[in-house]
1. Which condition number in (1) surrounded by 17 or more Cβ atoms within 10 Å (Cβ to Cβ); (2) under 20 Å from Asp112 (Cα atoms) is the one that Val94 fails?
2. List the residue pairs whose Cβ atoms are under 8 Å apart, where the first residue sits in the stretch 20-33 and is in contact (Cβ under 8 Å) with a residue 12 or more places away in the chain and part of a loop (DSSP other than H, G, I, E, B), the second is polar (S, T, N, Q) and surrounded by fewer than 20 Cβ atoms within 10 Å (Cβ to Cβ), and the two are 6 or more positions apart or on different chains.
3. I'd like to know if the stretch 59-71 contains one or more residues that are over 30 Å from Pro142 (Cβ atoms), crowded, with 18+ Cβ neighbours inside 10 Å and modelled with pLDDT of 90 or more.
4. Just a yes or no: is a residue in the stretch 113-131 in contact with a Cys (Cβ under 6 Å, 6 or more places away or on another chain) and at pLDDT 85 or above?
5. Inside the stretch 34-59, can you point out the residues that are on the phi > 0 side of the Ramachandran plot, more than 11 Å from the chain's Cα centre (by Cα) and not in a strand (DSSP E or B)?
6. With the requirement that a residue be among the aliphatic types (A, V, I, L, M) and either buried (at least 16 other Cβ atoms within 10 Å of the Cβ) or without any contact (Cβ under 8 Å) to a residue 24 or more places away in the chain (or both), what does the stretch 120-150 give you?
7. Could you list all residues from the stretch 1-19 that are in a strand (DSSP E or B) and among the charged types (D, E, K, R)?
Amino acid sequence: MSNVNCRKFEITLVSAKDLKDVRTCGRMKVYAEVSIGGEPNTAKRTPADVKGKTNPNWDFKIEYTLGEKAMKEGDVDLTIKLYCERRLWSDIYVGEVNLSLKELFKKRKSSDTSIKVKRNGSVDTKGTLNISYNFGKRIGVPRPSKWKRALVAGAKIFCRVTLFLFLGGDVEIPIFF
C-alpha cells in the first residue's frame with residue numbers, strides 16, 4: 001500500500017480587534033470557526049471569548065493534516081468565520097477571512113499575520129484577525145485501499161438515489177469514513 005505525502009498544518013487563532021458589534025443588546029461573545037475549503041466536515045472552532053467583546057482573545061491552536069499536492073497545486077482556501085454566540089437564538093455572523101493554502105505554503109515559515117475581516121464577500125472590512133501558522137515536515141499517510149474507496153463511493157451513490165426517490169429532488173449528503 002502506498003503512502004500519500006502530507007504535512008501537519010498548525011494555525012493559532014490569536015485574537016481579533018475592532019470587530020463590528022452585531023448585538024443590539026447584551027455582550028459580544030465571539031468565537032472563530034475554521035474549515036478547509038468551506039467543507040463542514042473539516043470545521044473546528046475556538047471557545048467563545050466572553051470578556052473581549054469586539055476585541056476577543058483566544059490563543060487557540062488548531063491542527064490539520066493536509067495533502068502536500070493540494071497545498072502546492074490546488075486552489076484550496078482556509079476559511080475562518082467569526083460568530084457571536086447567543087443562548088436562545090442562532091449565533092450571529094460577524095465576518096470572515098479566506099486565505100489560500102497555496103500562498104501560505106509558499107512562505108512556509110511560522111508566521112504571525114493580521115488579516116482584514118470581511119462580511120459575506122464584501123469589499124468593506126471591519127476589524128482584523130491575528131493568526132499564527134506553521135507547516136510541519138513531510139509525513140507519509142497510508143492511502144485508503146481501493147475497496148474502502150469503492151465502498152464509500154457506493155454508499156454515497158446509494159444514499160443520493162434513495163433520497164432522490166423518496167424526496168423527489170437532488171440532495172447533497174456528505175458521507176465520510
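1. Answer for Val94: the failing condition is (2).
2. Going by the 8 Å Cβ cut-off, the qualifying pairs are Lys20/Thr54; Asp21/Thr54; Met28/Thr54.
3. Within the stretch 59-71 (the criterion being over 30 Å from Pro142 (Cβ atoms), crowded, with 18+ Cβ neighbours inside 10 Å and modelled with pLDDT of 90 or more), the answer is no, since none of the residues qualifies.
4. Step one: list which residues in the stretch 113-131 are in contact with a Cys (Cβ under 6 Å, 6 or more places away or on another chain), which gives none.
Within the stretch 113-131, not a single residue is in contact with a Cys (Cβ under 6 Å, 6 or more places away or on another chain) and at pLDDT 85 or above.
5. Residues of the stretch 34-59 on the phi > 0 side of the Ramachandran plot: 37-38, 53, 59.
Those left that are additionally more than 11 Å from the chain's Cα centre (by Cα): 53, 59.
Across the stretch 34-59, the qualifying residue is only Lys53.
6. Initially, the stretch 120-150 is screened for residues among the aliphatic types (A, V, I, L, M), giving 123, 129, 131, 139, 141, 150.
Passing the criteria: Val123, Leu129, Ile131, Ala150.
7. Within the stretch 1-19, Arg7, Lys8, Glu10, Lys17 qualify.
The values are calculated or read from the model by the stated rules, or taken from the named source; none is laboratory data. Remember, it's a predicted structure, so these values are computed and weren't measured experimentally. As a convention, Cβ positions derive from the backbone with ideal geometry for all residues, glycine included, and neighbour counts pool all protein chains shown.
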